Structure formats: C-alpha cells, structure tokens
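The values are calculated or read from the model by the stated rules, or taken from the named source; none is laboratory data. From a predicted model like this one, the values you see are computed outputs, not experimental measurements. Using ideal geometry, Cβ is built from the backbone for each residue, glycine included, and neighbour counts are taken over all protein chains shown. Remember, those area values only see protein heavy atoms, side chains included, never the ligands or the DNA or RNA. Shrake-Rupley method; radii C 1.70, N 1.55, O 1.52, S 1.80 Å.
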Amino acid sequence: MSLKGLSGFQKFDSEKFFKDKEFLFTKIEEWQEGEDADHMHVVGSKITGGIYQDSTTYPHDQKGINQGESITFKVRKPISAFNGWKVFQTAFVANEFEKVSIWGDFRNQLSVKVPSLQPVQN
C-alpha cells in the first residue's frame, strides 16, 4: 500500500525548533517570484544565516546537532531594511513565522518565510 498526500498532515513546530537558536548573518539577496524568468518581480529579501548557537534539546537528549548549518529566511522587506547588518558580524533570531515547510528527498531541508528577523544586541 502506498498512501498519498500524507505530508499535508505533518506539522512543523517552528517556535520550538527556532526558540534556542541564534544565527550569524552570511548573505542577502533579492527574493523574486513569478511565473517564469521573464515575469519575475521582487517580493522581499532572502537572508541566509548560519546557526552559531544551538541550545535546542533534540530527541535522545542530543544538543547542538545543527550548529554550523545554514538556513535561508524569506522576508517580505526590501534589502534596504537590512542596511545596518554586517556579514559575519550581525547575529539575529527568528521569533515569528509566516510559513515553515520541510522539504527535500530526505526531508532535511526547511523553507522559511518570516515577517521579520530581529538582530541580537551583544
């Protein structure tokens, strides 16, 4: 038996996953969407950050197993909203989520849309 449509019933707990993580800003680029390459328009920014602090407790009491991994956040804000951010210097957190989906052949990738990201004051 091969059931279809099961992934629509999975729920990813964004708040729990991101709660104990801080990211280091590594890259910014325009987030574009459209029907094809000739009809693309900018809808926001894509911010990539490396997980530099992972205090999440995972199954089997594992900690920090995603430290060093990168996540790209799609933010509905222009690149200019991040003018003060410095590559490899600005730390940030994600606290609010529009949509987070697990994807990939091994279900080990995240697609993350957020309304904003908050820099961490050191």
Run through the range 23-122 and list the chymotrypsin sites (Phe, Trp or Tyr not before Pro) located in a DSSP loop whose Cβ has at most 11 other Cβ atoms within 10 Å. 88, 106
Using +1 on the beta carbon of Lys and Arg, -1 on that of Asp and Glu, and nothing else charged, what's the dipole of the chain about the Cα centre, debye to 20? 260 debye
For P(r) over Cα pairs in 10 Å bins from 0, in percent, one of [x] 12, 45, 34, 9, 0; [y] 13, 42, 29, 10, 4, 1, 0; [z] 12, 40, 32, 14, 3, 0 was computed from the structure I shared and the rest are decoys. Which label? [z]
Taking only protein heavy atoms and a 1.4 Å probe, what accessible area per residue, in Å², does the range 22-122 have with all protein chains in place? 64 Å²
Heads up, I need the accessible area for residue 86: 1.4 angstrom probe, whole protein in place, Å², nearest 10. 110 Å²
Environment charge of residue 51, counting only residues whose C-beta is closer than 12 Å and scoring Lys/Arg +1, Asp/Glu -1: -3
Express the relative contact order of the chain as a whole percentage, based on alpha carbon pairs under 8 Å and six or more residues apart in sequence. 25 percent
